[in-house]
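Student: Pasting a structure here, questions to come.
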Amino acid sequence: MTLLDDPRPISADSHALEGPEVFDGLPERFGDDAPRVVHSESKGDWITIPNQPNRSRNVAIMCLAGTRLDYETPLPRAHASKPSAGSIDDPEIQAYFKGGYAAMRPGLRDGARRPDDQDIDGISAEVLYPGWFPMFGLPNLDLLVALQQNYNNWMHAQQVASKGRLVGLAALPVQDPGRAYEELNRVIKLGLKGIVLPSNAPRDRKYSDPCYEPMWALAEEAGLPVAFHVACMSHTPDWLKAGSNRDPIVQYASSSALIHDTLVELMVRGVCVKYPRLKFVLAEFNAGWIAHWLDKVQQGWAREYAKDSSSTPPVDVLELWKRQFYATIEDDIAALRTADMIGEETLLWGSDYPHTDSTWPCSAQVLDEMFEEYSAETRDKNTPH
């Protein structure tokens with residue numbers, strides 16, 4: 001049976017777990033600036049950068065949903081919602097932290113085994129984003145390019161090993177537009193199916209800068225969607241640093257703000273108008289906020305033009321959204337309630353496996369509950385298969 005025959009949904013937002021091989025050769029070339037995997041008998045496996053210890057992460061933190069089948073009693077979950085995250089002190093989670101890669105589900109970093117996890121969850125395929133987000137913001141440009149080339153080659157191997165059940169996205173080094181264009185050309189020939197960029201442009205330019213036009217034009221010509229994932233950043237914005245002492249719950253609940261600047265650059269500052277066939281995906285920003293936010297952008301654009309008639313005349317922002325944008329949702333009921341305002345077809349369900357926010361291994365049940373008040377046609381639009 002091919003995917004075209006498989007009635008089960010596709011997750012539009014899932015994640016890889018980068019293995020040590022993604023970082024092969026980098027320490028030898030770039031010394032202590034380079035990421036690598038280190039193992040500790042007491043602390044498990046860590047991705048670390050000696051010169052940036054604040055970026056060290058235990059690999060388990062990226063895969064906690066994978067522990068959910070280890071519990072004797074299933075973790076609780078509310079109706080139409082993902083399971084509880086559990087506690088960091090749970091022995092099932094501590095086993096992941098201390099055991100490292102060896103303690104984890106094989107499908108987390110083996111494309112040939114990933115279908116096992118998909119079958120448990122009741123889905124047919126996944127679009128794969130990175131797991132280690134610092135790969136988008138390394139300050140050494142040559143290192144950034146080398147790492148993303150390693151990652152893209154590895155992601156292509158995962159896609160091939162899955163025999164069609166993983167769709168790999170390539171990372172591009174947008175800090176250097178020329179090399180980003182070269183890498184885009186390479187990954188198109190390699191066979192990856194889309195690209196993922198930092199959700200914010202580099203400090204010294206915007207995504208509406210003419211230097212990115214060759215990249216946009218090539219992506220449009222090749223029919224590759226351009227995705228932006230929450231927390232994948234080229235740098236930490238000053239406004240986010242300034243708010244670092246805010247309540248963590250406020251920060252978590254405000255994650256959609258990380259994409260607002262980029263959306264204005266694309267919609268208002270000319271990218272969408274110039275490349276009308278280019279498709280964009282907002283991954284894991286969810287979507288219940290979008291209808292109101294688009295209305296405010298429309299009002300803001302009108303105010304700008306009223307003050308300065310030499311600026312770009314406003315176009316219909318909602319029509320741009322419906323024509324060129326998609327947003328992934330997990331258990332976002334607010335998005336479904338407002339879907340008629342932004343276009344049902346612009347919402348794509350994703351499981352976020354294996355991250356803490358994931359609906360795995362209950363995705364089939366969560367979807368049934370989310371869409372129990374909606375028609376089969378509506379569900380099909382939001383859960384492609």
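The values are calculated or read from the model by the stated rules, or taken from the named source; none is laboratory data. Just so we're clear, the structure is a prediction, and the values are computed from it rather than from any experiment. Glycine also receives a Cβ, built like all others from the backbone with ideal geometry; neighbour counts cover every protein chain displayed.
Student: Among the residues of the range 186-204, how many are touching a residue at least 12 places away in the same chain (Cβ under 8 Å), assigned to a loop (DSSP other than H, G, I, E, B) and out of contact with any Asp or Glu (no Cβ under 8 Å at 6 or more places or on another chain)?
Tutor: Of the residues in that region, 7 qualify.
Student: Now for a different question. Out of the residues in the range 366-381 meeting the condition of being within 23 Å of the chain's Cα centre (by Cα) and either under 14 Å from ARG8 (Cβ atoms) or of a type in the set (Asp, Glu) (or both), tell me which one is surrounded by the most Cβ atoms within 10 Å (Cβ to Cβ).
Tutor: If we filter the range 366-381 for residues that are within 23 Å of the chain's Cα centre (by Cα), which is where we start, we get 366-367, 370, 379-381.
Those still in the list that are either under 14 Å from ARG8 (Cβ atoms) or of a type in the set (Asp, Glu) (or both) too: 366-367, 379-380.
Working: VAL366: 24, LEU367: 22, ARG379: 18, ASP380: 15.
Filtering the range 366-381 for residues that are within 23 Å of the chain's Cα centre (by Cα) and either under 14 Å from ARG8 (Cβ atoms) or of a type in the set (Asp, Glu) (or both), the one surrounded by the most Cβ atoms within 10 Å (Cβ to Cβ) comes out as VAL366.
Student: Moving on to the next point. Going through the range 191-200 one residue at a time, which ones are in contact with a helix residue (DSSP H, G or I) (Cβ under 7 Å, 6 or more places away or on another chain) and either modelled with pLDDT under 95 or surrounded by 15 or more Cβ atoms within 10 Å (Cβ to Cβ) (or both)?
Tutor: At the first step, the residues of the range 191-200 found to be in contact with a helix residue (DSSP H, G or I) (Cβ under 7 Å, 6 or more places away or on another chain) are 191-192, 195, 198-200.
LEU192, ILE195, PRO198, SER199, ASN200 - these are the residues of the range 191-200 that are in contact with a helix residue (DSSP H, G or I) (Cβ under 7 Å, 6 or more places away or on another chain) and either modelled with pLDDT under 95 or surrounded by 15 or more Cβ atoms within 10 Å (Cβ to Cβ) (or both).
Student: Going through the range 1-58 one residue at a time, which ones are touching a Phe, Trp or Tyr at 6+ places or on another chain (Cβ under 8 Å), in a helix (DSSP H, G or I) and loosely packed, with under 15 Cβ neighbours inside 10 Å?
Tutor: Across the range 1-58, the qualifying residue is only GLU21.
Student: Further question on the same structure: Looking at ALA291, ALA302, can you tell me which residue is among the small types (Gly, Ala, Ser), assigned to a helix (DSSP H, G or I) and more than 22 Å from ASP13 (Cα to Cα)?
Tutor: Values: ALA291 fails: more than 22 Å from ASP13 (Cα to Cα).
The unique qualifying residue is ALA302.
Student: Sticking with this structure for a sec: Mind listing whichever residues of the range 324-350 are without any contact (Cβ under 8 Å) to a residue 60 or more places away in the chain and assigned to a helix (DSSP H, G or I)?
Tutor: Matches in the range 324-350: GLN324, ALA334, ALA335, LEU336, ARG337, ALA339, ASP340, MET341, ILE342, GLU344, GLU345, THR346.
Student: Among (1) surrounded by fewer than 17 Cβ atoms within 10 Å (Cβ to Cβ); (2) among the small types (Gly, Ala, Ser); (3) modelled with pLDDT of 95 or more, which single condition is ALA253 missing?
Tutor: The number of the failed condition is (3).
Student: Continuing with this model, one more query. Could you tell me whether the range 59-73 includes any residue that is modelled with pLDDT of 95 or more, farther than 22 Å from THR356 by Cβ and not hydrophobic (A, V, I, L, M, F, W, C)?
Tutor: no
Student: Condition first: in contact with a Cys (Cβ under 8 Å, 6 or more places away or on another chain), crowded, with 22+ Cβ neighbours inside 10 Å and part of a helix (DSSP H, G or I). Now tell me which residues in the range 122-157 satisfy that.
Tutor: Once the filter is applied, which keeps residues that are in contact with a Cys (Cβ under 8 Å, 6 or more places away or on another chain), crowded, with 22+ Cβ neighbours inside 10 Å and part of a helix (DSSP H, G or I), the range 122-157 yields only PHE136.
Student: Which residues, taken from the range 162-179, are in a strand (DSSP E or B) and either in contact (Cβ under 8 Å) with a residue 40 or more places away in the chain or not hydrophobic (A, V, I, L, M, F, W, C) (or both)?
Tutor: Step one: list which residues in the range 162-179 are in a strand (DSSP E or B), which gives 166-171.
If the condition is that a residue be in a strand (DSSP E or B) and either in contact (Cβ under 8 Å) with a residue 40 or more places away in the chain or not hydrophobic (A, V, I, L, M, F, W, C) (or both), then LEU166, VAL167, GLY168, LEU169, ALA171 are the ones that fit.
Student: If VAL160 passes every condition in (1) surrounded by fewer than 18 Cβ atoms within 10 Å (Cβ to Cβ); (2) closer than 22 Å to LEU367 by Cβ but one, which one does it miss?
Tutor: Among (1) surrounded by fewer than 18 Cβ atoms within 10 Å (Cβ to Cβ); (2) closer than 22 Å to LEU367 by Cβ, VAL160 violates only (2).
Student: Can you find a residue that is farther than 24 Å from ASP110 by Cα and out of contact with any helix residue (DSSP H, G or I) (no Cβ under 8 Å at 6 or more places or on another chain) anywhere in the range 35-44? Full working, then the answer.
Tutor: Keep residues of the range 35-44 that are farther than 24 Å from ASP110 by Cα, which gives 42.
Now restrict to residues that are out of contact with any helix residue (DSSP H, G or I) (no Cβ under 8 Å at 6 or more places or on another chain): none.
Among the residues of the range 35-44, not one is farther than 24 Å from ASP110 by Cα and out of contact with any helix residue (DSSP H, G or I) (no Cβ under 8 Å at 6 or more places or on another chain), which makes the answer no.
Student: Which pairs have Cβ atoms under 8 Å, sit 6 or more apart or on different chains, and link a residue in the range 68-84 that is more than 25 Å from GLU373 (Cβ to Cβ) and in contact (Cβ under 8 Å) with a residue 40 or more places away in the chain to one that is in a loop (DSSP other than H, G, I, E, B) and aromatic (Phe, Trp, Tyr)?
Tutor: Qualifying pairs under 8 Å: ARG68/TRP360.
Student: Here is a further query. Quick check on my filter: what residues within the range 261-284 are surrounded by fewer than 16 Cβ atoms within 10 Å (Cβ to Cβ) and outside any loop (DSSP other than H, G, I, E, B)? Walk me through it before giving the result.
Tutor: Residues of the range 261-284 surrounded by fewer than 16 Cβ atoms within 10 Å (Cβ to Cβ): 269-270, 273-274, 276-277.
Correct list: VAL273, LYS274.
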